[in-house]
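Here, each number is a calculation from the coordinates, and none is a lab measurement. Predicted model only: the values in this text are computed from it and were never measured. So basically every Cβ, Gly included, is an ideal-geometry build from the backbone, and we count neighbours across all protein chains shown.
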Amino acid sequence: GEIYPAYIDFNFFSSSAITFFAYTCHAQLMPIYSELVQPNYKRIKKVVWRSLMLDMIFYLLIGCAGYFS
């Protein structure tokens, strides 16, 4: 077979949703930080860790659903 440096097809738009979701996840960091009762490094680290774990769970569920369907 041939090797392509890039392959763009109609699935490009559905796969770009990951990029857009990741951007919106990180764009809300400062508003969340300003809403904390006692904003400090330990608390924002906990908020970021929990949100990343929740995102990972959703990505795994969506990926497994797509794989098994």
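Using r as the Cβ-Cβ distance of Arg50 and Phe10, and R0 as 35 Å, what FRET efficiency do you calculate, to the nearest 0.05?
With R0 = 35 Å, the Cβ-Cβ based efficiency is 0.50.
What's the local net charge at Gln38, with K and R +1, D and E -1, over the other residues with C-beta under 15 Å away?
+3
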